[in-house]
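A quick write-up on the structure given underneath.
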Amino acid sequence: MNPRRLLPPDLRPALAAGLALVVFGACQDDPSDPLASLVASETVPAVAVPVELPSLGDLAQQAGVRDELEPVLDGWVAGWEDDNELLGVAARDEAIRLAAPVLHDALGPGGVANSLAPLFRVGRDLGDLPEMPADLAPRLEEIWSLIDDTQVALEEGRFDRAMTTGLQASDRIRALGPRAVARTLIARADRSMMRAEVTNGFDPVSLSRGERLLSGARRAMEDGNYDLAIERGYYAVQLLEGRDDEGRR
């Protein structure tokens, strides 16, 4: 099931036009607009979603089972902090699988369906993007597949399954958010910096520029300016991995 089919045909042109304005208009979206927006800088694209997606931690709190799931939640949080993206995803997926039956028992079928409703709205919006950066395409396809699985599971009354795939889809979207992308780039630049410092013959000028960019990316991250943090982190990585792309500000 393609997420585009979840949207009434008469609404698609208007939503697609709105998303195109966001994509090519430097993120000038109305904060009250429920549509997902795409932060497509010249460096690394990220998805900014101005609606509250379900998360494992929030749902555990809402369902009153946070204490019961504390060890599982610790594993989920650790997955977000893992510098190895694949290991982090695996850790979060395992935590979600363990928590899903407990959440279903606490929330009930109606609670599960209500908690996942924002996910379908975001899936529809992403499905109506007229164009997407090539870097995002495989990840968005995985997100749509998980959302499709969630919808089918709800229709079939398999609420544990719906909670599992729905939270996994939500996590995948969150991992594409500007904050997560900026954090990943800064961590990668930091590792590249450490390698460059012990590499004989590494250009000291590039090392100094990379250090300044990395420092600037961290400052932007602390200030909540994630777009700038992405840009500076990206160019820091380029310099420190020896792929200078005309280092930027």
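The values are calculated or read from the model by the stated rules, or taken from the named source; none is laboratory data. Not measured: the values here are computed from a predicted model. Please note: Cβ atoms are built from the backbone with ideal geometry, for glycine as well, and neighbour counts cover all protein chains shown. Keep in mind that these areas ignore ligands, DNA and RNA; they rest on the heavy atoms of the full protein, side chains included. Shrake-Rupley method; radii C 1.70, N 1.55, O 1.52, S 1.80 Å.
Would you check if there is a residue in the range 157-175 being assigned to a loop (DSSP other than H, G, I, E, B), under 19 Å from residue 228 (Cα atoms) and either of a type outside the set (Val, Ile, Thr) or in contact with a helix residue (DSSP H, G or I) (Cβ under 6 Å, 6 or more places away or on another chain) (or both)? Reasoning before the result, please.
Filtering the range 157-175 for residues assigned to a loop (DSSP other than H, G, I, E, B) gives 157-158.
Still in the running and under 19 Å from residue 228 (Cα atoms): none.
No, the range 157-175 contains no residue that is assigned to a loop (DSSP other than H, G, I, E, B), under 19 Å from residue 228 (Cα atoms) and either of a type outside the set (Val, Ile, Thr) or in contact with a helix residue (DSSP H, G or I) (Cβ under 6 Å, 6 or more places away or on another chain) (or both).
Results for (1) at pLDDT 90 or above; (2) among the hydrophobic types (A, V, I, L, M, F, W, C); (3) more than 19 Å from residue 53 (Cα to Cα), shown as yes or no for each residue.
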position: 90; (1), (2), (3): yes, yes, yes
position: 114; (1), (2), (3): yes, no, no
position: 120; (1), (2), (3): no, yes, no
position: 124; (1), (2), (3): no, no, no
Q. Restricting attention to the range 182-201, does a residue exist that is closer than 28 Å to residue 121 by Cα, out of contact with any Ser or Thr (no Cβ under 9 Å at 6 or more places or on another chain) and open to solvent by less than 70 Å² (accessible area, probe 1.4 Å)?
A. yes
Q.
Go through (1) among the hydrophobic types (A, V, I, L, M, F, W, C); (2) free of Cβ contacts under 8 Å to residues at least 40 places away in the same chain; (3) closer than 21 Å to residue 55 by Cα for residue 167 and report which single condition fails.
A. (2)
Q. Residue 101: part of a helix (DSSP H, G or I), under 14 Å from residue 167 (Cβ atoms) and open to solvent by 30 Å² or more (accessible area, probe 1.4 Å), yes or no?
A. yes
(Q) Going by what's in this entry, would residue 175 be described as modelled with pLDDT of 85 or more and closer than 20 Å to residue 56 by Cα? (A) no
Q. Is there a residue in the range 84-96 that is in contact (Cβ under 8 Å) with a residue 12 or more places away in the chain, of a type in the set (Lys, Arg), surrounded by fewer than 19 Cβ atoms within 10 Å (Cβ to Cβ) and assigned to a helix (DSSP H, G or I)?
A. no
